[in-house]
Amino acid sequence: MMSTSPDPYFSSRMSMDHRPKHVHKMAQFFFEIYQEEIPARMQMGAATQLKELLEKILTDLTISYGSVKTMVTPLRLIGFVDDISDVSQESIARIRGPKETADQTIIEKFKNCHAGATFIGFDGHIYAEKITPPTRTMQLIPLLVDQILTKLSWPKSMRWPGSAIEWIRPIRRIYCQFDTQPLIFDLPLVALTTSDHVLGHRFMSPEKLQPVHFENYLELLEQNNVMADHQKRKQYIHEQLTGLGDYQIDDALLEENAGLAEWPIVYRGAIDQQFLTLPTEVLSTTMKVHQRYFTYPSKPIFGVVANATPEDGSAMVAGYERVLRARLSDAQFFYQQDAAKKLEDFAQQLTTIVFHKNMGTLADKTARLEAFMSTPDGKTAARFCKADLATSMVYEFPELQGIMGRIYGEQQGLSADVCTAVEQHHWPLGAEHPLPTTLLAAQLSFADKLDTLLGLLGTGVKVSGSKDPLGLRRLAIGVIRLIQAFDFDCETVCTQLQINLSITDDALKIVNIFIKDRAAVYFNDPLIRGLMHLPINTMIHRLPEVQSFVSSKAGIEFLAQYKRLCGLIKPHEKATPTLQHPFEITLNDWNTRHKELKDMKNLQELTIPMRDYFDQVKVLEGDPATVNGRLTLLSTLKEKVEEFYGTSAHF
């Protein structure tokens, strides 16, 4: 059937009309996907992704809803939709086809592709109109669950017998409830039928639960030892740990433990006296990295999170203490073995550790840093900054790099400034990591980072897309932050470091461009593009000035006049300004006085002369010599502004 319509609703390709035809009853819908343990590091990402996916699927199915909420536990992925309509909305899809004047075979082919549709002529084209009638939401739930199972992605996934999809761990049960009614249907993708009940904690209370609504579902879970809310579990752990004393707060460790237990219970364990002579950093790192324990700096105890409350908790704690003793015995052995040697001994072992095939060994790297540093303390710090990489402690616990160098340096009588520089010479590790706390540490860190960037980028190592296995982007961010905080001269340092590196002649240019590109990402402000022609230090320090100026009243007025200037300039012959008008003389005097723009104040001073000049002087009127002289004056001003801040397009 063909008809014509003046409806402006038609789009160029396809449009969807989700207009409700009548009011529907609103209800609740929630589901629980119960699987084997989800790794703690993946849980919050999965919950966020599930929320976004659920909202998209509901929109695609034309099901109206109020809000979507998701939760995650080590075993459960939970989705909740409030105020969901019990019937989807009627939708009309209009798909544009060929022109009405097209060959008949083309028109017929389009109609065959959209059999069952109504065909409408509009705006010279043929459209296929497909109407999807309202459908009960409960009938769409199986489709919704299937789409979640197939579209939710995981960093790692697996298959298991009977499954047609990949998932993080085998799915054991799925529960769906619409309003007050559990929904029972087959899920061939995972070879399951949805359950008519949920279960409590699998050890403490594996009871069958029949929730009435979502709030009741959460209450029943908590009554049966399951906290569905991740943040609530995290806060509960923190409160229990605080009850034992002042513990060393570690948000990442709290986050991980909240993802390891559905009902987190904190137990207190004791540390054997023989291990209390170990440095605090060694104790805390051993407990955190290997056991996920929390440390108490002022007490010989630790806190451990369990996922159960056995009748005889003392036996469980004794087991935790026994495992910790073994770990601390290893750490004590490595520490004592290292403490028997000098940092100089470890520094000599660096000759056997290759830093990178293009840059030689770690000994070569420290020798370059030692040659660069100008003070005795600086040379000492440079010589020993990598020495702890040859120690047994850092080999076992890479997280202690720098820390062990500082500890061994203190024991061997090195100055506090040197020890701090050894510990912090690789700071900052990224955009959020702390900066070095001393000038010496910052100088060593700056030289170390630039040495690596020059040595790798200058020998052909490429960083492309998401591939940056050597962390060169992170090093560049560190360089930028050190320039911000300490005003180190990047180009001067690069020139000095280049002397001892076998790199190409254009290495300095490559590193310069690389750092500027990372600055554009780090500052995330389009204004920085107007500063890319400047030296790195000038670019970084000028950006805050430009940001402040362009958002001020004076900056807005300057930009208005400067755009007038740019709009007037056209190709011309260079000529000496004739200076026939008083305002022309004023503008030329300003131009003569300011050979180079130093700061934003100079731009502000230019605003009024430009405004008066444009208001009183008809730039493009007059004989050719006069016009060329005026355009030459304006071009000179534009060049000065661009030397200070890029082109007019960057404002």
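The values are calculated or read from the model by the stated rules, or taken from the named source; none is laboratory data. Since the structure is predicted, the reported quantities are computational estimates derived from the model, not experimental observations. FYI the Cβ positions are ideal-geometry reconstructions off the backbone, even for glycines, and counts take in every protein chain you see. Protein only, heavy atoms only, side chains kept; ligands, DNA and RNA dropped before computing areas. Shrake-Rupley method; radii C 1.70, N 1.55, O 1.52, S 1.80 Å.
Listing for the model above:
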quantity: Qualifying positions in the stretch 345-375 - of a type in the set (Asp, Glu) and either at pLDDT below 95 or touching a helix residue (DSSP H, G or I) at 6+ places or on another chain (Cβ under 8 Å) (or both); calculated: GLU370
quantity: ALA554 closer than 25 Å to HIS433 by Cβ and open to solvent by less than 60 Å² (accessible area, probe 1.4 Å); calculated: no
quantity: Enumeration of residues in the stretch 496-512 that are in a helix (DSSP H, G or I), among the hydrophobic types (A, V, I, L, M, F, W, C) and more than 13 Å from ALA447 (Cα to Cα); calculated: ALA507, LEU508, ILE510, VAL511
quantity: Count of the stretch 385-415 residues which are at pLDDT below 95, within 22 Å of LEU456 (Cβ to Cβ) and open to solvent by less than 30 Å² (accessible area, probe 1.4 Å); calculated: 0
quantity: Out of ASP82, ASP123, ASP86, sole residue that is open to solvent by 50 Å² or more (accessible area, probe 1.4 Å) and not hydrophobic (A, V, I, L, M, F, W, C); calculated: ASP123
quantity: Top-ranked residue of the stretch 134-173 - restricted to ones that are among the small types (Gly, Ala, Ser) and within 26 Å of the chain's Cα centre (by Cα), ranked as farthest from LEU58 (Cα to Cα); calculated: SER157
quantity: For ARG529: the one exception among (1) at pLDDT 90 or above; (2) open to solvent by 70 Å² or more (accessible area, probe 1.4 Å); (3) under 29 Å from the mean Cα position of the chain (by Cα); calculated: (1)
quantity: Any pair with Cβ under 6 angstrom, 6 or more apart, that starts in the stretch 160-183 at a residue that is charged (D, E, K, R) and ends at one that is assigned to a loop (DSSP other than H, G, I, E, B); calculated: GLU166/SER157; GLU166/ARG159; ARG169/GLU36
quantity: Residues of the stretch 368-384 satisfying the condition of being surrounded by 13 or more Cβ atoms within 10 Å (Cβ to Cβ) and without any contact (Cβ under 8 Å) to a residue 24 or more places away in the chain; calculated: GLU370, LYS379
quantity: Lone unmet requirement of (1) within 27 Å of the chain's Cα centre (by Cα); (2) closer than 24 Å to ALA367 by Cβ for LEU435; calculated: (2)
quantity: Those residues of the stretch 317-350 which are within 20 Å of CYS385 (Cβ to Cβ), in contact (Cβ under 8 Å) with a residue 40 or more places away in the chain, open to solvent by 60 Å² or more (accessible area, probe 1.4 Å) and not charged (D, E, K, R), in sequence order; calculated: GLN349
quantity: Residue within the stretch 464-473 that is in contact (Cβ under 8 Å) with a residue 40 or more places away in the chain, closer than 30 Å to GLU281 by Cβ and outside any loop (DSSP other than H, G, I, E, B) present; calculated: yes
quantity: Residues within the stretch 242-279 that are surrounded by 17 or more Cβ atoms within 10 Å (Cβ to Cβ), more than 26 Å from GLN332 (Cα to Cα) and more than 26 Å from the chain's Cα centre (by Cα), tallied; calculated: 6
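Residue by residue, here is whether (1) open to solvent by 20 Å² or more (accessible area, probe 1.4 Å); (2) within 48 Å of the chain's Cα centre (by Cα) holds:
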residue: LEU579; (1), (2): yes, no
residue: PHE583; (1), (2): yes, no
residue: ASN588; (1), (2): yes, no
residue: GLU596; (1), (2): yes, yes
residue: ASP615; (1), (2): yes, no
residue: VAL619; (1), (2): no, no
residue: THR626; (1), (2): no, no
